[in-house]
Amino acid sequence: MAIERVAVIGAGQMGGGIAQVAAQAGLSVVLADATPELAARGLSRIAAGLGKLVEKGKLPASGREAVLARIEAAPGLEACAGADLAIEAIVEKEDAKRELFQRLEPHLGPRAILASNTSSISITALAAATRRPDRFIGMHFMNPPPVMQLVEVIRGLQTSDETWAAVTTLAKRLGKVTVTSRDVPGFIVNRVLIPLINEACFALQEGLASAEDIDTAVKLGLNHPMGPLTLADFIGLDTCLYIAEVLHRELGEDKYRPAALLRQHVAAGWLGRKAGRGFYRYD
Ligand code: CAA
Ligand code: NAD
């Protein structure tokens with residue numbers, strides 16, 4: 001099944017990046033959020049990001065215009081009609097995602113595929129909120145989507161071979177490398193990453209070292225592009241906490257228990273870079 005029109009729901013850092021990647025690959029994209037204003041704001045952030053690429057000489061101004069011409073900010077979910085694939089990238093909360101899929105599905109044609117960019121939530125459970133569990137799949141982009149090479153493809157219990165093939169082919173067309181994961185909490189990347197980030201939070205909480213020294217140690221000692229606390233701020237501390245909660249609850253082991261310091265930062269609204277403050281300040 002050829003995918004030419006994509007709907008992305010959730011115009012935050014991931015949804016915006018996914019929309020940009022799809023438009024850069026020549027697909028037509030509709031970008032939706034909880035309100036038309038939020039969708040328009042997401043589109044403005046894409047325009048600004050593409051503008052930086054033009055300034056750096058990596059994209060001609062005409063290329064920016066061509067990409068933007070392929071993305072439409074949606075007034076509402078009804079604008080997703082006609083999409084061959086809808087990718088959900090809203091908040092990492094199972095109830096919110098299930099509710100969104102139930103409202104979205106009636107607007108889509110019967111052949112359309114539904115995908116979630118969830119970091120940790122069961123694809124089988126989300127699929128059960130729809131009438132097409134065979135046409136439901138996990139399509140997990142990494143942050144930032146325009147830069148990161150990987151897409152994890154997650155098969156729910158009922159995902160069909162045809163759906164898996166269509167989404168894997170699309171990811172390759174977007175220039176990505178794919179891996180396929182079974183539907184286990186956190187899949188592959190976050191099963192490994194979130195315990196690392198959580199351990200860095202425990203280390204900070206216990207006064208092992210300053211945030212800067214924890215990050216410098218991991219960055220230079222392990223040759224990671226960012227230290228774990230900087231990366232947590234980059235991902236969003238709310239998202240990190242919600243993923244950690246899924247791992248802890250579903251895998252049932254104390255080693256996945258989210259650090260109190262991580263909970264406190266989220267409770268304080270210090271959600272990381274997107275909020276202007278997390279473990280670090282971004283004024
Ligand atoms: N859109 C387009 N291009 C972007 C971009 C964006 N949003 N952000 C950065 N870039 C480009 C820059 O233009 C630059 O390109 P050139 O090298 O061609 O000049 C390149 O990426 C590097 O950017 P910068 O020089 O600005 O900064 P940097 O060298 O520090 O790289 C980074 C930034 C790519 C984010 C790098 O720090 C990095 O790889 N960090 C780790 C990211 C990571 O681990 N992501 C996965 C998180 S886990 C996840 O996503 C799963 C989950 O469910 C939580
Ligand atoms: P974000 O906070 O930047 O954006 C979320 C967007 O979803 C916001 O624009 C918000 O207004 C919108 N939204 C929330 N509830 C909605 C609803 N009911 N209907 C429509 N829109 C709604 O978050 P993000 O970092 O882009 O993460 C989005 C999803 O992608 C999450 O499931 C997250 O786990 C996953 N993810 C995040 C990362 C990361 O590094 N941040 C990486 C991979 C996957």
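The values are calculated or read from the model by the stated rules, or taken from the named source; none is laboratory data. Being a predicted model, the structure only gives us computed values, none of them experimental. Counting neighbours? That spans all protein chains shown, and the Cβs are built from the backbone with ideal geometry, glycine included. Just so you know, the surface numbers come from the protein's heavy atoms only, side chains and all, with ligands and any DNA or RNA stripped out. Shrake-Rupley method; radii C 1.70, N 1.55, O 1.52, S 1.80 Å.
Structure values in brief
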read-out: Members of the stretch 228-273 found to be within 26 Å of residue 145 (Cβ to Cβ) and among the basic types (Lys, Arg), listed by number; value: 273
read-out: Filter result (out of contact with any helix residue (DSSP H, G or I) (no Cβ under 9 Å at 6 or more places or on another chain) and within 15 Å of ligand 1 (Cβ to nearest atom)) within the stretch 35-51; value: 44, 48
read-out: Filter result for the condition that a residue is open to solvent by 10 Å² or more (accessible area, probe 1.4 Å) and among the hydroxyl-bearing types (Ser, Thr, Tyr), over 118, 163, 169; value: 169
read-out: Considering residues of the stretch 16-34 that are in contact (Cβ under 8 Å) with a residue 60 or more places away in the chain and closer than 21 Å to residue 109 by Cβ only, the residue farthest from ligand 1 (Cβ to nearest atom); value: 22
read-out: Members of the stretch 163-175 that are touching a residue at least 60 places away in the same chain (Cβ under 8 Å) and in contact with a strand residue (DSSP E or B) (Cβ under 9 Å, 6 or more places away or on another chain); value: 166, 167, 170, 174
read-out: The stretch 192-215 residues that are surrounded by fewer than 19 Cβ atoms within 10 Å (Cβ to Cβ), paired with ones that are aliphatic (A, V, I, L, M) and in a loop (DSSP other than H, G, I, E, B) (beta carbon under 9 Å, 6 or more apart); value: 199/259; 202/208; 202/259; 205/259
read-out: One residue from 128, 112 being open to solvent by 10 Å² or more (accessible area, probe 1.4 Å), among the small types (Gly, Ala, Ser), more than 12 Å from the chain's Cα centre (by Cα) and more than 16 Å from ligand 1 (Cβ to nearest atom); value: 128
read-out: Looking only at the stretch 52-108, and only at residues there that are without any contact (Cβ under 8 Å) to a residue 40 or more places away in the chain and small (Gly, Ala, Ser), the one that is nearest to ligand 1 (Cβ to nearest atom); value: 57
read-out: Test result for residue 12, of a type in the set (Gly, Ala, Ser) and either loosely packed, with under 14 Cβ neighbours inside 10 Å or under 18 Å from the mean Cα position of the chain (by Cα) (or both); value: yes
read-out: Set 151, 189, 177: member being within 13 Å of ligand 2 (Cβ to nearest atom), surrounded by fewer than 20 Cβ atoms within 10 Å (Cβ to Cβ) and at pLDDT 95 or above; value: 189
read-out: Out of 4, 37, sole residue that is surrounded by fewer than 17 Cβ atoms within 10 Å (Cβ to Cβ) and touching a residue at least 40 places away in the same chain (Cβ under 8 Å); value: 4
read-out: Filter result (within 15 Å of ligand 1 (Cβ to nearest atom) and open to solvent by 30 Å² or more (accessible area, probe 1.4 Å)) within the stretch 240-265; value: 242, 245
read-out: Residue 232 open to solvent by less than 60 Å² (accessible area, probe 1.4 Å), within 13 Å of ligand 2 (Cβ to nearest atom) and under 24 Å from residue 125 (Cβ atoms); value: no
